[in-house]
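Each reported figure results from applying straightforward, stated rules to the coordinates on display, with no laboratory input. Computed from a prediction, not measured in an experiment: that's the story for all the values here. Cβ atoms come from the backbone with ideal geometry, glycine included; neighbour counts cover every protein chain shown.
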Amino acid sequence: MLAWLTESTVGRLLQTFFISMVPVLELRAGIPYGVSLGLDYHAAAAAAILGNLFPVPVIIVYVRRVFAWLRRKSAGLDAWISGMENKAEHKGEKVKKYGALGLCLLVAIPLPGTGAWTGALVAAVLGLRMRDALPAIILGVLIAAAIVLGLTYGVSYIF
């Protein structure tokens, strides 16, 4: 049943998983990267989705504590963190207005400045509970994966 799971395939799946964990890249880069490595669309999408979602609970739960610790270390870090929080607050306006739907849409649009990392940061800055934020972020990641998969398939079909 798992005959397709060779050492080479596992390596490509892990590369796709880890690329999708990287902020800014996320699954927007992970899915096309996995497909370019020769993974089929389902495997690339699954690895990218799991990699993209992996850091989300950690961000929601711990980012405020990490920010507080970093602020104590340096004034430069304090200014950088304040900038990140201001951006998250600004992006959080739609989340405040539309709730879980706003958070889902923020994550679902596969453009820079959106995605699971941004959604998790916004959820943490706004003080949303994990049980409220996580389902919206998961749904947003699934929608983003469908969009990126469609674009990847379309581009690879053309070429």
In degrees from 0 to 90, rounded to the nearest 10, what is the angle of the helix 26-36 Cα long axis to the longest principal axis of the chain?
10
Which FRET efficiency value, to the nearest 0.05, is calculated for residue 153 and residue 130 with the Förster distance at 30 angstrom and r the Cβ-Cβ distance?
0.35
If you stretched the chain out fully between residue 14 and residue 80, how much longer would it get, using 0.36 nm times the residue separation minus the C-alpha to C-alpha distance?
20.6 nm
The chain, convex hull of Cα, quarter of hull surface, nm² -> 10.8
Rounded to whole Å and sorted largest first, what semi-axes of the equivalent ellipsoid does the C-alpha gyration tensor of the range 99-142 yield via the square root of 5 times each eigenvalue?
15, 11, 8
Degrees between helix 130-158 axis and first principal axis of the chain (Cα, 0 to 90, nearest 10):
40
Within the chain, helix-based [θ] at 222 nm, where runs of 4 or more DSSP H residues each add -39,500 (n - 2.57), nearest 500:
-27000 deg cm²/dmol
The range 55-144 - convex hull of the alpha-carbon atoms, volume per residue in Å³
78
Relative to the first principal axis of the alpha-carbon coordinates of the chain, what is the inclination of helix 56-73, with its axis defined by its Cα atoms, in degrees from 0 to 90 and to the nearest 10?
50
Mind listing which trypsin sites (Lys or Arg not before Pro) in the range 65-159 are in a DSSP loop and have 12 or fewer other Cβ atoms within 10 Å?
129
